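The values are calculated or read from the model by the stated rules, or taken from the named source; none is laboratory data. Note that the structure is a prediction, hence the values are computed from the model and not measured. Note: ideal-geometry Cβ built from the backbone for every residue, glycine included; neighbour counts use all protein chains shown.
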Amino acid sequence: MRILIATDAWHPQVNGVVRTLSMVAETSKNLGVEISFLTPNSFRSFPMPSYRELRVAMPSQGKIAHLILDAHPDSIHIATEGPIGFLVRRYCRKQGLPFTTSFHTRFAEYIAARLPIPEWWIWAMLRAFHGPSHAVMAATPGLAAELRARGFGNVVLWPRGVDTALFRPRQVDVRLPRPVFLSVGRIALEKNLEAFLDLDLPGTKLIVGDGPARASLARKYPQAIFLGARQGEALAEAYAAADVFVFPSKTDTFGLVLLEALASGLPVAAFPVPGPRDVIGEAPVGVLNDDLQLACLAALRISPRACLEFAANHTWEASSRAFIDNVRNFSGANPNAKRMQFTRERGAGWLEAR
């Protein structure tokens, strides 16, 4: 079975979407599924205004068609609502091809925080984008319920996982005053990081990540330590060096960093909003409270063992199986059926399913 994933978010970006897609592709190899990607790397791009770390692809319809033909997929999944996602969606609709999509980002809140655009307008656009999808994949039951309430159809679950071989407890001497309160993620307005940095907490505040707000926040909060972006072992060591993981975001749909922290033995302190509420639920691995300071201090009393046991139940293999099953069940992909036949007879080529 071959699945082509179209995504506007890709390396060298560091975010949950890129990590999720990369891990699912790697794990799917062991499940007999080959996943390839249609990404911004194949096109010219330009930096996003006010967010130069992110580059926006400028795809052409002809090249999109050629890349789809070259991939020979059994099924197509559209991961993002950007220029690549829109053109692949258009191609699939024009050719009468079934496709699935996934909902990763609350663009309505993010855009409304930067531009004078009503949230309802963005939600209407997102609803229209996902409307023709045979399945809209959501990371948590809470997000799935919200999307259904907003008029999205065919919403199914696609849970996330964590690499417990990488993210695990280990001895790290950071030589900082204890306790160490850690936050990991993109440093941007929508992440609500100031809600954490404004707290009067003992010990040390440690920030891992990069983004458009890093420089201004580092100047405003000189008592906090900003380590910049970290990946792999360096990121895992940052988790292991801390005592509590603080997640101040109110807009994340999931937050892979929550699972990475728990796998490292870190209890979570967060607001009682859909992202952390769906991940943690009633499990004794975190404190969700509208008073984030109270949550941070209470989380210090949580057992690291409980966090480890919780994270062990969230594997990337389970995530990959759910993704593959959704694609197979809702897009008509069948590894025992005849493979889609591809031709180049008409310019960029037309895709025919026999």
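For the range 25-84, which residues satisfy the criterion of being touching a residue at least 60 places away in the same chain (Cβ under 8 Å), among the hydrophobic types (A, V, I, L, M, F, W, C) and in a strand (DSSP E or B)?
Of everything in the range 25-84, those that are touching a residue at least 60 places away in the same chain (Cβ under 8 Å), among the hydrophobic types (A, V, I, L, M, F, W, C) and in a strand (DSSP E or B) turn out to be ILE76, ILE78.
Being under 20 Å from the mean Cα position of the chain (by Cα) and either among the small types (Gly, Ala, Ser) or modelled with pLDDT under 95 (or both) narrows it down to one residue among ASP163, ASP252, ASP173; which is it?
ASP252
Going by the structure shown, is ALA25 more than 15 Å from PRO83 (Cβ to Cβ) and either assigned by TED's automatic domain parsing to the domain that holds GLY255 or touching a strand residue (DSSP E or B) at 6+ places or on another chain (Cβ under 9 Å) (or both)?
It is true that ALA25 is more than 15 Å from PRO83 (Cβ to Cβ) and either assigned by TED's automatic domain parsing to the domain that holds GLY255 or touching a strand residue (DSSP E or B) at 6+ places or on another chain (Cβ under 9 Å) (or both).
Find the residue count for the range 72-116, including only residues that are closer than 17 Å to PHE37 by Cα and acidic (Asp, Glu).
Matching residues across the range 72-116 total 2.
Out of the range 237-258, which residues are among the acidic types (Asp, Glu) and assigned to a loop (DSSP other than H, G, I, E, B)?
Across the range 237-258, the qualifying residues are ASP243, ASP252.
What residue, among those in the range 278-304 that are in a helix (DSSP H, G or I) and within 26 Å of the chain's Cα centre (by Cα), is nearest to GLU146 (Cα to Cα)?
Once the filter is applied, the top-ranked residue is ASP278.
For the range 93-196, give me every one of the helices (runs of 4 or more DSSP H) that falls completely inside it and has 3 or more residues that are among the aromatic types (Phe, Trp, Tyr).
Ranges flagged: 119-130.
What residue, among those in the range 212-237 that are touching a Leu at 6+ places or on another chain (Cβ under 9 Å) and not aliphatic (A, V, I, L, M), is farthest from ALA165 (Cα to Cα)?
The selected residue is LYS220.
Using the structure shown, decide if SER28 is in contact with a helix residue (DSSP H, G or I) (Cβ under 8 Å, 6 or more places away or on another chain) and crowded, with 19+ Cβ neighbours inside 10 Å.
So SER28 fits the description; yes.
Which residue is farthest from ALA195 (Cα to Cα), if the candidates are limited to the range 219-239 and must be among the small types (Gly, Ala, Ser) and surrounded by fewer than 16 Cβ atoms within 10 Å (Cβ to Cβ)?
Filtering the range 219-239 for residues that are among the small types (Gly, Ala, Ser) and surrounded by fewer than 16 Cβ atoms within 10 Å (Cβ to Cβ), the one farthest from ALA195 (Cα to Cα) comes out as GLY232.
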